[in-house]
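Engineer: Below is the structure I would like to discuss, written out as C-alpha cells.
The values are calculated or read from the model by the stated rules, or taken from the named source; none is laboratory data. Just so we're clear, the structure is a prediction, and the values are computed from it rather than from any experiment. Please note: Cβ atoms are built from the backbone with ideal geometry, for glycine as well, and neighbour counts cover all protein chains shown.
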Amino acid sequence: MDTAWEIEQLRAVTEIAGLKPSKIVMPEDHHTIVGAMRFHYLDWGGNGHPLLFLHGGGINAHTWDVVCLMLRERYHCIALDQRGHGDSEWSPAIDYGVATQVHDVEGFIEKLGFVNPVLVGQSMGGLNSIAYAISHSAKMKGLVVVDVGPEINSTGTQRIREFSSTPELESLEAFLERAVKFNPIRDPRVLRRSLFYNLRQLPTGKWSLKHDQRRASDDSWRIAAEQRERILRDVSKISCPTLIVRGGKSDVLSDDAAERFAHMLPHARWVRVENAGHNVQGDNPRGLLDAMNPFLREVGL
C-alpha cells in the first residue's frame, strides 16, 4: 500500500468528521499467534493506558482509525482484526462462536501484556467485550459497548447480515453503490475508504468482502444467537464502569433497550450519539469521541 495515499485518505475522512488531530499518522501493522490462530492488529503506539478496540461483524480493525487517531496521544490504542476478518486467519472449523472469540481476546490481552485494559467493542465486538467483561471486569478499567446489548432488533441485524453476505461483484464501484444504499448516513468518500480496507480481489478479477462469509450460515447464526442468549443472562456480573453507546438512527439497539441494559449493570450509563446508525464509529466518530472522552476521564485515565 502507498502510505502517503493512506495518510491523505485518513486526513480527508478526519476533516469530514470535523476533527483536527495534531498529526496524521498510520498505525503499525502487526501479526501474532494466539492458540493456533494468526491474528492481525493495528498498533497506534504510545505509552498510555491500553485501549483494545473490537470491530463489528463483517468489518475490520480499520473501522476505528479516526477514533484511534484522536486518542493515540493519551492512550495506547490497539485495534484487533478478529478471527475471520480483515487480515486475520479464518477458522478452518468455521468456529466463530462468542465463547471462542472471547478465548481469542483473553489470549491476545495476555500476549500483549495489557494490565487493566479498557475494552471498546461495537456490535459483534461489543458482544465479545461484554462476554469478556463478565469474567474479567475486576481486572478492567472500563468497558465501552457500542450499539449492542441483551435486546436487539432482529430486523436490523438481518439487514446487516444480508449486506455482509454480498456476493462477488465486478468492481469497487459496484460495492460502493451497494454500500451507499445500505448506509445513506455516511459520506460516500468515507465509505470508499472503508471499502479499500474491507475488500479483496479474487483470482477471477472479481471483488469480495474481506471476511469469512461462512460465519453467516444459518447454523453459525443460530449457534451464535444461542451463545449470546446464554452469555447475556450474566451481564449483571460486570462490575467495571461501563458506557453503553447507541447510534441515534440505529435499527439494532433502541433507546429503551439501551436504558434497560444500563440498569442491569451496577456502574453503567448509556448515551445516544446523533447522526449515527449502527456503526457509530464510522458514521459519527466525533460524536463517539464526545461520549468516550468524559467516560475515560471518569475512570481515571
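Engineer: Tell me which of these ALA257 doesn't satisfy, since it passes every other one: (1) within 26 Å of ASP81 (Cα to Cα); (2) touching a Gly at 6+ places or on another chain (Cβ under 9 Å); (3) among the small types (Gly, Ala, Ser).
Structural biologist: Going through the list (1) within 26 Å of ASP81 (Cα to Cα); (2) touching a Gly at 6+ places or on another chain (Cβ under 9 Å); (3) among the small types (Gly, Ala, Ser), ALA257 breaks only (1).
Engineer: Considering each of THR157, THR166 in turn, give the residue that is surrounded by 14 or more Cβ atoms within 10 Å (Cβ to Cβ), out of contact with any Pro (no Cβ under 7 Å at 6 or more places or on another chain) and farther than 23 Å from SER254 by Cα.
Structural biologist: Testing whether each residue is surrounded by 14 or more Cβ atoms within 10 Å (Cβ to Cβ), out of contact with any Pro (no Cβ under 7 Å at 6 or more places or on another chain) and farther than 23 Å from SER254 by Cα leaves just THR166.
Engineer: Scan the stretch 250-266 for residues that are surrounded by 15 or more Cβ atoms within 10 Å (Cβ to Cβ), assigned to a loop (DSSP other than H, G, I, E, B) and without any contact (Cβ under 8 Å) to a residue 40 or more places away in the chain and jot them down.
Structural biologist: If the condition is that a residue be surrounded by 15 or more Cβ atoms within 10 Å (Cβ to Cβ), assigned to a loop (DSSP other than H, G, I, E, B) and without any contact (Cβ under 8 Å) to a residue 40 or more places away in the chain, then LEU265 is the only one that fits.
Engineer: Would you point out which residue out of GLY46, GLY57 is surrounded by fewer than 23 Cβ atoms within 10 Å (Cβ to Cβ) and over 30 Å from GLU229 (Cβ atoms)?
Structural biologist: Only one candidate passes the filter, namely GLY46.
Engineer: Another question, if that's okay. Where residues in the stretch 134-154 are touching a Cys at 6+ places or on another chain (Cβ under 8 Å) and not aliphatic (A, V, I, L, M), which of them is surrounded by the fewest Cβ atoms within 10 Å (Cβ to Cβ)?
Structural biologist: So, considering only residues that are touching a Cys at 6+ places or on another chain (Cβ under 8 Å) and not aliphatic (A, V, I, L, M), the one surrounded by the fewest Cβ atoms within 10 Å (Cβ to Cβ) is LYS141.
Engineer: Please go through the stretch 132-157 and give me each residue that is modelled with pLDDT under 95 and either within 18 Å of the chain's Cα centre (by Cα) or of a type in the set (Ser, Thr, Tyr) (or both), ordered by number.
Structural biologist: Result: GLY149, PRO150, ILE152, SER154, THR155, GLY156, THR157.
Engineer: For the stretch 212-250, enumerate the residues that are modelled with pLDDT of 95 or more and touching a His at 6+ places or on another chain (Cβ under 9 Å).
Structural biologist: ILE238, SER239, CYS240, PRO241, THR242, GLY247, LYS249, SER250
Engineer: So ASP2 clears everything in (1) on the phi > 0 side of the Ramachandran plot; (2) surrounded by fewer than 16 Cβ atoms within 10 Å (Cβ to Cβ) except one condition, right? Which one?
Structural biologist: ASP2 satisfies every listed condition except (1).
Engineer: Looking at the stretch 49-93 only, could you name the residues that are within 20 Å of ARG215 (Cβ to Cβ), aliphatic (A, V, I, L, M) and within 11 Å of the chain's Cα centre (by Cα)?
Structural biologist: Residues satisfying the conditions are LEU54, ILE59, ALA61, ALA79, LEU80.
Engineer: Test LEU232 against the criterion of being under 19 Å from the mean Cα position of the chain (by Cα) and closer than 30 Å to GLU15 by Cα, and give yes or no.
Structural biologist: no
Engineer: For the stretch 77-111, which positions are within 23 Å of VAL299 (Cα to Cα) and surrounded by fewer than 18 Cβ atoms within 10 Å (Cβ to Cβ)?
Structural biologist: Within the stretch 77-111, GLU106, GLU110 meet the criteria.
Engineer: Any residue that is of a type in the set (Lys, Arg), crowded, with 21+ Cβ neighbours inside 10 Å and at negative phi - is there at least one of those in the stretch 68-75?
Structural biologist: The answer is yes; a qualifying residue exists.
Engineer: I want to confirm something. Restricting to the stretch 9-47 and keeping residues that are among the charged types (D, E, K, R) and within 19 Å of the chain's Cα centre (by Cα), which single residue is farthest from VAL66 (Cα to Cα)?
Structural biologist: Filtering the stretch 9-47 for residues that are among the charged types (D, E, K, R) and within 19 Å of the chain's Cα centre (by Cα), the one farthest from VAL66 (Cα to Cα) comes out as ARG38.
Engineer: Shifting gears a bit: Kindly indicate whether any position in the stretch 110-121 is more than 16 Å from the chain's Cα centre (by Cα), of a type in the set (D, E, K, R) and at pLDDT below 95.
Structural biologist: No, the stretch 110-121 has no match at all.
Engineer: Checking the structure you have, find out if any residue of the stretch 5-23 is in contact (Cβ under 8 Å) with a residue 24 or more places away in the chain, in contact with a Ser or Thr (Cβ under 7 Å, 6 or more places away or on another chain), among the hydrophobic types (A, V, I, L, M, F, W, C) and under 15 Å from GLN281 (Cβ atoms).
Structural biologist: The answer is no, given that none of the residues of the stretch 5-23 is in contact (Cβ under 8 Å) with a residue 24 or more places away in the chain, in contact with a Ser or Thr (Cβ under 7 Å, 6 or more places away or on another chain), among the hydrophobic types (A, V, I, L, M, F, W, C) and under 15 Å from GLN281 (Cβ atoms).
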